[in-house]
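The values are calculated or read from the model by the stated rules, or taken from the named source; none is laboratory data. The structure presented is a predicted model; accordingly, all values stated were derived computationally and were not measured. Here Cβ is always computed from backbone atoms with ideal geometry, including for glycine, and neighbour counts include all displayed protein chains.
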Amino acid sequence: MNKYSKMKATVSGVTCVGENFVDEILFEMIPPENSNHYGTGYYMFVKLPGKQKLYIDVRYEKTTDVEILADRWIKSYFGNNAKEVTKEFVID
């Protein structure tokens, strides 16, 4: 498991209408509050530019590694439109 709970990703690519984009996204793992939970008990906040935080259920993803979960989310959200992704861990 990765020891970090926050990661920033910069995703660049081309939209489906041919416009270039660059989005900075913050991912933050939210641990369970107690031992009474299902799966890992973790959720993940995803903060997109200019939007509210999304609260993603990652309890059944079989990992709590923020980098792995962020990679999965980016692939699912952007698909083939994402051409380059750079990542950096955020230390509190």
Review point. Would you say Glu88 is surrounded by fewer than 10 Cβ atoms within 10 Å (Cβ to Cβ) and assigned to a strand (DSSP E or B)?
Key: no
Revision key, fill the gap. By residue number, the members of region 35-55 that are of a type outside the set (A, V, I, L, M) and in a strand (DSSP E or B) are Tyr43, Phe45, Lys47, Lys53, Tyr55
Check your understanding: Hey, among the residues in region 17-51 that are among the acidic types (Asp, Glu) and under 21 Å from Ile68 (Cα atoms), which one's surrounded by the most Cβ atoms within 10 Å (Cβ to Cβ)?
Key -> Glu28
**Study point:** region 30-41 residues that are without any contact (Cβ under 8 Å) to a residue 40 or more places away in the chain, paired with ones that are not in a loop (DSSP other than H, G, I, E, B) (beta carbon under 6 Å, 6 or more apart)
**Key:** Ile30/Tyr43
Review point. If you take the residues in region 4-45 that are out of contact with any Phe, Trp or Tyr (no Cβ under 9 Å at 6 or more places or on another chain) and β-branched (Val, Ile, Thr), which one is nearest to Asp92 (Cα to Cα)?
Key: Thr10
Practice item. Among the residues of region 66-81, write down those that are of a type in the set (Asp, Glu) and either surrounded by fewer than 16 Cβ atoms within 10 Å (Cβ to Cβ) or touching a Leu at 6+ places or on another chain (Cβ under 9 Å) (or both). Key: Glu67
Exercise for review: Working only within region 36-57, note down all residues that are among the small types (Gly, Ala, Ser) and either modelled with pLDDT of 90 or more or within 15 Å of the chain's Cα centre (by Cα) (or both).
Suggested key: Gly39, Gly41
Revision key, fill the gap. Filtering region 29-74 for residues that are farther than 12 Å from Ala9 by Cα and in contact with a helix residue (DSSP H, G or I) (Cβ under 7 Å, 6 or more places away or on another chain) leaves a count of 6
